[in-house]
Each structure stands twice: as structure tokens, then as C-alpha cells.
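K.L.:
Handing you a structure now.
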Amino acid sequence: MDAPLASVAADAPAVTHSPRDTRNNFDLIRLAAAAQVAVTHSAEHLGIHSPLIEALKFFPGVPIFFLISGFLIYQSFVNARVDRYRSYATNRVLRLYPALFLCFAVSVLSVWATGYFDRAFDARQMAVWAVTTLTAFQFYSPPFLRDYGVGAINGSLWTIAVELQFYVLTPLLYWARHQRKSLLIAGFVLLVAANAVNSLLHGSESLLVKLFGVSFLPWFYMFVIGAFLSANAPLRERVLAVNGWLYFVAFLLVYALSWRFGLGTGNSINFVAYLLFGCVVLKAAYARRDLADRLLKRNDISYGVYIYHMPVVNFLLVMGLAGTPAGFALALALTFAIAALSWFVIEKPALRLKKIALRRV
């Protein structure tokens, strides 16, 4: 995360926000999170080393996505008062799948362009790859592509499968918050424990462990924290009343100690560090609240940056551009260009079909 950090420490002019003032910087933060993932993945796989890139690893993008998703998606469900379930489901489909279909097409075309299909192709695995990617099992990578690039055509898509599980669980979360708060608290504790277990098992080759890692269980507590901040305005105001520097410095200290002693970093960030990280993100979202609109003009290419970067990196690896600054720069340029094209041609037109917008948040 880089762009929003300049405003993290700046206190909002006032912490009492008008209910009609729906401005925030979540789009900008999402873009920064997507850029963090794209930059660090591109550098890692293309063999580029830099202290700045290492510093970016202190601000893992995926946990940011899950927090913001909880904040916005939960509110989206609350906002959908008329024909709630159909409207909510339609909005989620329109946000995810148009770009996901294009991403699959880009992935297939990029592999074809290298000539790899002439050396290795399996029609059955190709069909399974298409079905899993375009439904709800995006973590599947076909075995016949194991020798292509890094060995997984788009390993980042596992989070899409996790997000889909979040979407299904959101109505249950809404019900528990209003009807079974004790059950919600107990479940939250178990989810935090599941995240810790997943961190301990990280690196295991067991199929069950891998499936556990792409289930909602280790990650849903992050989404729940975002949802709770969205639904609890008094708590949100108390968090925003604290100077942002305190959250930021405390987070850096806890994260550095976690890194030093192996207590959970990156996507496996530990609970204490994540709470502080969440406060940093929330402060950034509501500091200089019109910053995202002024810079992005309500355009959001973050999803595209996230889902397209690995097909681009794999293509450049196969084309022999690893280890060069030019290859790294080209990877990022192509990623952002494809993401922008996807936004204006596919995603933005699809989002115009949504009945309930998230701008009420």
C-alpha cells in the first residue's frame, strides 16, 4: 500500500460526519492494495530486488481487500431493502464476473501466443479450468500448465473463491448480528483461531490443508471486522477520533516484531497486527475524504490490476524477460493498461446495471 499512506496520519477535519456525506477513499486504497500485490508478485517472479519493494511487503494487499470488502459488501446487503437477496446477488455477479470472463480469455490467449499449446494441451483439463474459473473454484490451476511460467497461470484468483464464500455468508452474518449476537461472538473467536491454525500450517502440501486455506474459515474474521466497522457508527467514530500516526507507528512496531519472531505476516498477518492495520486503513479512508474522487474520478481499476497481473507476468516469463528492469516495467504497464481497458469497456458498463450502489456507505 503506497498512495494512501501520505494521508494516513492526517486527522480528518472532524470526526462527526454527516450521514449524507458518503465520500471516502476506499477506491484509492483498493487500488493501492492491488498495486502492492501486482508490484510484489511481478518483482518476485521476474527476479527484481529493491528495498522499496521489500518495504511494500509490510502492507499486504489481500488483507486490505478482505477488510474493505466486509465494510462495503455488508452495507450493500443492508442497502438492498427492496428485493434484497436478488438485488444483492445481481450486484455481486455484475461486479465480479464480466471482468473474470475477460481475464480467462486474456489468460488463454496469452498462453496460445507463446506457442505453449503446441507442446502441451489437454482438452479435458482445459474444460475443467474454464468451468472452475468461471464459476466458484478459481483456485484450480490445470496440471498441463505446470511448465508454463511460474506453474500456476493465475494463482491470485484464489481470493475470488474466498470472496464468493463471503458473499454467501453475508446474509447469515446480518442475521446473527441482529438475532444471535452471542453466536456471532463465539463464531468470531473460532474464526480468529482458524486463521492462526492456517498460519501454522502454511507451506503444507496436504490437500486438506490447501483446501482449508482457500475456504472462508481462515479469512472471514477479516471480513467480519470490516462489516462491524460499517454497521457500528459510534465505534467507527471512536476509531477515527484517534491520531492516525498512533495507529501507523503501533502497526509498524507490531508488524516488525511479528516479522522478526515469525508471529504471522503477509496474508497470514496476526490478529493484533491486523486490528491496527484495519485502523490505519479506516483512517486513510476518511482522511481528505475527496482525495479518491479527485484523483480517480470514480473510476476503479483495482479489480483489473489484481486479476490481470499474473497472466501478464507468466507471459513475460515465457518470453524470456525475467531479471530485467525493462521486463518488470513492462509487466506493470501492461497490467495497468489491460485493467483500464477492462474497466472502461467491460466493468463500468456492467456496473451501470446495478440497482443499488455502494455510494450510500
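K.L.:
If Val312 satisfies every condition in (1) over 30 Å from Asp147 (Cα atoms); (2) β-branched (Val, Ile, Thr); (3) in a helix (DSSP H, G or I) but one, which is the exception?
P.N.:
Here Val312 clears every test but (1).
K.L.:
Let me ask something additional. Given the structure, is Ile185 aliphatic (A, V, I, L, M), part of a helix (DSSP H, G or I) and surrounded by fewer than 16 Cβ atoms within 10 Å (Cβ to Cβ)?
P.N.:
Yes; evaluated as a whole, the condition is true for this residue.
K.L.:
Among (1) more than 29 Å from Ala120 (Cα to Cα); (2) touching a Gly at 6+ places or on another chain (Cβ under 7 Å), there is one condition Val318 misses while meeting the rest; what is its number?
P.N.:
Answer for Val318: the failing condition is (1).
Residue-wise test of (1) open to solvent by 60 Å² or more (accessible area, probe 1.4 Å); (2) farther than 28 Å from Leu207 by Cα.
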position: Cys103; (1), (2): no, no
position: Ser107; (1), (2): no, no
position: Tyr116; (1), (2): no, no
position: Phe137; (1), (2): yes, no
position: Ala176; (1), (2): no, yes
position: Lys181; (1), (2): yes, yes
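K.L.:
Ok, one more. Right, Leu257: among the hydrophobic types (A, V, I, L, M, F, W, C) and open to solvent by 20 Å² or more (accessible area, probe 1.4 Å) or not?
P.N.:
In short, yes.
K.L.:
Scan the stretch 229-252 for residues that are assigned to a helix (DSSP H, G or I), free of Cβ contacts under 8 Å to residues at least 12 places away in the same chain and either farther than 25 Å from Lys57 by Cα or more than 24 Å from the chain's Cα centre (by Cα) (or both) and jot them down. It would help to see each step written out before you state the result.
P.N.:
Pass one, the stretch 229-252, residues assigned to a helix (DSSP H, G or I): 229-231, 233-240, 244-252.
When the remaining residues are screened for being free of Cβ contacts under 8 Å to residues at least 12 places away in the same chain, the result is 233-235, 238, 246, 249.
Passing the criteria: Ala233, Pro234, Leu235, Arg238, Leu246.
K.L.:
Select, from Leu351, Leu282, the only residue that is closer than 28 Å to Ile225 by Cα and surrounded by fewer than 17 Cβ atoms within 10 Å (Cβ to Cβ). Spell out the reasoning first.
P.N.:
On the way: Leu282 fails: surrounded by fewer than 17 Cβ atoms within 10 Å (Cβ to Cβ).
Matching residue, one of Leu351, Leu282: Leu351.
K.L.:
Can you tell me which residue among Arg95, Arg86, Arg124 is of a type in the set (Lys, Arg), more than 30 Å from Leu229 (Cβ to Cβ) and either in a loop (DSSP other than H, G, I, E, B) or open to solvent by 30 Å² or more (accessible area, probe 1.4 Å) (or both)?
P.N.:
Among Arg95, Arg86, Arg124, only Arg124 is of a type in the set (Lys, Arg), more than 30 Å from Leu229 (Cβ to Cβ) and either in a loop (DSSP other than H, G, I, E, B) or open to solvent by 30 Å² or more (accessible area, probe 1.4 Å) (or both).
K.L.:
Looking at the structure I just gave you, is Tyr274 of a type outside the set (Lys, Arg), in contact with a Pro (Cβ under 7 Å, 6 or more places away or on another chain) and open to solvent by less than 60 Å² (accessible area, probe 1.4 Å)?
P.N.:
So Tyr274 fits the description; yes.
K.L.:
Name the pairs whose Cβ atoms lie under 7 Å apart, with the first residue in the stretch 55-77 and more than 21 Å from Ile160 (Cβ to Cβ), the second part of a helix (DSSP H, G or I) and open to solvent by less than 10 Å² (accessible area, probe 1.4 Å), and 6 or more positions between them or separate chains?
P.N.:
Phe58/Tyr255
K.L.:
Here is a further query. Considering only residues of the stretch 74-83 that are hydrophobic (A, V, I, L, M, F, W, C) and open to solvent by less than 10 Å² (accessible area, probe 1.4 Å), which is modelled with the lowest pLDDT? Please lay out each step first, then the result.
P.N.:
Residues of the stretch 74-83 that are hydrophobic (A, V, I, L, M, F, W, C), as a first pass: 77-78, 80, 82.
Imposing the further condition that a residue be open to solvent by less than 10 Å² (accessible area, probe 1.4 Å) reduces the set to 77, 80.
On the way: Phe77: 94, Ala80: 82.
Among those residues, the one meeting the criterion is Ala80.
The values are calculated or read from the model by the stated rules, or taken from the named source; none is laboratory data. Values in this document were obtained by computation on a predicted structure and should not be read as measured data. Note: ideal-geometry Cβ built from the backbone for every residue, glycine included; neighbour counts use all protein chains shown. All accessible areas refer to the heavy atoms of the entire protein, side chains included, with ligands and DNA or RNA removed. Shrake-Rupley method; radii C 1.70, N 1.55, O 1.52, S 1.80 Å.
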